[in-house]
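Quick one: structure below, then a few questions.
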Amino acid sequence: MEVRDAVLAALMSDPSATVRIEAVRLLQPVDVDSSVRQVLHTVANQDGDPSIRSASLNALKNVPQIQ
């Protein structure tokens, strides 16, 4: 959980778009985790960088819907 939280923090606030896109990639295996989904949704809707929004939206396309 500590590693996941560190990657989520990097996605939310790292100044490097490259680091943030890599964070999205790293988070995809745990995308069923509600914390990961929440951050991906937030970034996809609110981030100022279009490439980060796009990467987050693409990651969310692969997330199974909660029933």
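Return the residue satisfying two criteria in turn: it lies in the stretch 4-35 and is not aliphatic (A, V, I, L, M) and not in a helix (DSSP H, G or I), and of such residues it is surrounded by the fewest Cβ atoms within 10 Å (Cβ to Cβ).
Start the filter on the stretch 4-35 by keeping residues that are not aliphatic (A, V, I, L, M), which leaves 4-5, 13-16, 18, 20, 22, 25, 28-29, 31, 33-35.
Filter once more, keeping what is not in a helix (DSSP H, G or I): 14-16, 31, 33.
Values: Asp14: 15, Pro15: 6, Ser16: 10, Asp31: 15, Asp33: 15.
Filtering the stretch 4-35 for residues that are not aliphatic (A, V, I, L, M) and not in a helix (DSSP H, G or I), the one surrounded by the fewest Cβ atoms within 10 Å (Cβ to Cβ) comes out as Pro15.
Can I ask one more? With the condition kept exactly as written, say whether any residue in the stretch 52-63 is outside any helix (DSSP H, G or I), of a type outside the set (A, V, I, L, M, F, W, C) and modelled with pLDDT under 95.
yes
Next up: What residue, of Ile21, Ile66, is touching a Ser or Thr at 6+ places or on another chain (Cβ under 9 Å) and at pLDDT below 90?
Among Ile21, Ile66, only Ile66 is touching a Ser or Thr at 6+ places or on another chain (Cβ under 9 Å) and at pLDDT below 90.
Could you check how many residues of the stretch 28-58 are out of contact with any Leu (no Cβ under 7 Å at 6 or more places or on another chain), closer than 18 Å to Met1 by Cβ and not acidic (Asp, Glu)?
7
The values are calculated or read from the model by the stated rules, or taken from the named source; none is laboratory data. Computed from a predicted structure; not experimentally measured. Glycine gets a Cβ as well: all are built from the backbone with ideal geometry, and neighbour counts include every protein chain shown.
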